[in-house]
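Shown next, in structure tokens, is the structure this report addresses.
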Amino acid sequence: MRGSPFRPVPDPVRPGEESVWDYPRPPRLEPVRERLRVVLGGDTIAETVSGFRVLETSHPPTYYLPPADIAEGTLVNPRRGGICEWKGQAVLFDVRGGDRLVPGAAWAYPDPTPDFRAIAGYVAFYAGPMDACFVGAAQATPQPGTFYGGWITPGIVGPFKGGPGTMGW
């Protein structure tokens, strides 16, 4: 990472790539027609071609899947989550798949702000504790750190907010 602690120098972008430093703030919501798939405990617990992604400066995309495309019994123990300045009050879920239960590994916005109404009730999953998360055929890696839930796939370049020393970005 180069640049100031408040705005690093973006990584070079090659043809066909997206820089997270070209994403807007406030964030933008856009539909995703690629297949999104989440695997936990050896089971596909969510799969859709009707998802959305949120694009925000310095963050890899966060993907939201419709509740109808999430296996029944996957989301358990709903509770009040954090508040996003852009999307509103979140609900946090534990996630069950196969023989695994991962606390606090998914969240949703049941009543989001007007700009994000399209994802009301849609669910995002942290990639790190899952067996795998896919965008199309590409397996995602988790955004650095434990707070943010972006999925990094080939063609998305950073540097990414979330790791040590990036909170001021």
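The values are calculated or read from the model by the stated rules, or taken from the named source; none is laboratory data. This structure is a prediction, so every number in the text was calculated from the model and none was measured. Neighbour counts are summed over all protein chains in view; Cβ atoms, including those assigned to glycine, are modelled from backbone coordinates with ideal geometry. We work out accessible area using only protein heavy atoms, side chains counted, and drop any ligands, DNA or RNA first. Shrake-Rupley method; radii C 1.70, N 1.55, O 1.52, S 1.80 Å.
Structural remarks
- Only one of PRO10, PRO61 that is under 14 Å from the mean Cα position of the chain (by Cα) and touching a residue at least 60 places away in the same chain (Cβ under 8 Å): PRO61
- Restricting the first member to segment 157-169 and to residues that are of a type in the set (A, V, I, L, M), and the second to residues that are surrounded by 11 or more Cβ atoms within 10 Å (Cβ to Cβ), the beta-carbon pairs closer than 8 Å and six or more apart or on different chains are VAL157/PRO10; VAL157/ASP11; VAL157/VAL13; VAL157/GLU17; VAL157/GLU18; VAL157/SER19; VAL157/VAL20; MET167/LYS161.
- If you go through segment 94-108 and pick out every residue that is touching a residue at least 60 places away in the same chain (Cβ under 8 Å) and open to solvent by 30 Å² or more (accessible area, probe 1.4 Å), you end up with 1.
- Residue count for segment 71-93 under the criterion of being surrounded by fewer than 10 Cβ atoms within 10 Å (Cβ to Cβ), closer than 22 Å to VAL39 by Cβ and not acidic (Asp, Glu): the result is 1.
- Residue within segment 21-35 that is surrounded by 22 or more Cβ atoms within 10 Å (Cβ to Cβ) and more than 12 Å from the chain's Cα centre (by Cα) present: no
- Here PRO8 clears all of (1) at pLDDT 95 or above; (2) open to solvent by less than 20 Å² (accessible area, probe 1.4 Å) except the condition numbered (1).
- Filtered residue count, segment 109-128, keeping only those that are more than 11 Å from the chain's Cα centre (by Cα) and free of Cβ contacts under 8 Å to residues at least 40 places away in the same chain: 8
- Residues in segment 115-169 that are among the polar types (S, T, N, Q) and at pLDDT 95 or above were compared, and the one that is surrounded by the most Cβ atoms within 10 Å (Cβ to Cβ) is GLN143.
- The listed residue being under 21 Å from TRP107 (Cβ atoms), open to solvent by 60 Å² or more (accessible area, probe 1.4 Å), modelled with pLDDT of 95 or more and not aliphatic (A, V, I, L, M), out of THR48, THR62, THR44, THR57: THR44
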